[in-house]
Amino acid sequence: MRASLRLLASVKPVRYLEAGAPTGLTGLFTHPAPRSALVYLYSSTLDKLKRLPEHSAYRTATEALTKQRLSIIEAVKPDGYEAWQERVNEQVAKNPQAFTTYGVGVKHEHGGRQFVTTRVESGVDEREEEWDGEMIEAPELEGVRSSRERAGQAAGLARPLEAEELKNFELEKEPSLTAQQISDIETQIGAGLIEEVIQVAEGEHMLVNTMLESKVWEELEEKPTEGQWTYYERGANVGTTQKP
């Protein structure tokens with residue numbers, strides 16, 4: 001059950017989940033944009049899986065599950081989503097460098113169509129703030145700087161204002177899903193809270209890289225001995241019961 005603190009009453013008889021509020025699970029807080037996060041993770045994972053051979057058992061199984069969950073997420077849209085998408089596409093067209101160079105948003109292509117998801121900023125950790133609100137910066141080295149370090153400083157000072165403005169450019173935030181919409185998604189996926197689903201998607205997104213590096217689809221250099229895996233096969237250790 002979600003913590004009651006997560007629910008916010010709006011003017012209309014619709015409830016939304018408060019970003020950063022407790023979920024009821026220790027260390028897990030309400031995600032600010034779960035739909036964007038999952039669309040990005042699933043789309044990116046599918047792109048990575050294309051680099052594996054089609055006969056790979058890992059690719060076949062992971063693609064099927066990822067596509068099924070992505071279809072659930074994409075089928076649920078917040079109110080005003082289409083109009084928001086049009087406005088964001090206009091921002092992309094007018095400020096392409098903000099995306100290609102500074103990653104303000106993430107452009108995707110899935111099912112023959114292109115779309116954009118907003119970048120989710122991580123929450124502020126109160127431990128990183130001084131009592132007067134000043135952020136704690138990383139320590140700087142003392143002493144004379146090398147020529148390489150001085151070259152980097154000069155490049156930073158020479159950066160044009162336009163680039164700085166593009167770096168700080170912000171997209172209009174995606175409309176939020178209602179608490180009921182999120183609950184429906186969680187029910188259809190059947191893997192816990194949507195924040196837990198995101199954690200699993202993040203893990204799978206990273207695991208694909210490991211599978212690619214390990215080339216899991218190739219034959220083993222050392223073949224398993226005959227009967228090595230028999231013990232673990234389904235039905236190999238099914239016990240019997242007494243007849244009634």
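Two decimals is fine: what's Rg over Rh for region 17-62, C-alpha atoms, Kirkwood radius as Rh?
Value, to two decimals: 1.21.
Calculate, for Gln199 and Glu222, the FRET efficiency according to 1/(1 + (r/R0)^6) with r their C-beta to C-beta distance and R0 45 Å; round to the nearest 0.05.
My answer for the efficiency is 0.85.
Which distance in Å, rounded to a whole number, links the C-alpha centroids of region 187-206 and region 14-40?
Between the Cα centre of region 187-206 and that of region 14-40, the gap is 12 Å.
For the ranges 72-80, 30-38, 47-55, 177-185, what's the packing order if you count other beta-carbon atoms within 10 Å of each residue, average per peptide, and put the highest first?
30-38, 177-185, 72-80, 47-55
Out of residues 5 or more away from Tyr16 or on other chains, whose amide H comes under 5 Å of its own, with H placed 1.01 Å from N in the peptide plane?
Close amide H contacts, sequence-distant or interchain: Leu8, Ser10, Ala179.
The numbers here are math on the coordinates, done by the rules we state, and not lab data. The model shown is predicted, which means the values in this text are computed figures rather than measured ones. A quick note on method: Cβ atoms are made from the backbone with ideal geometry, for glycine too, and the neighbour counts reach across all protein chains shown.
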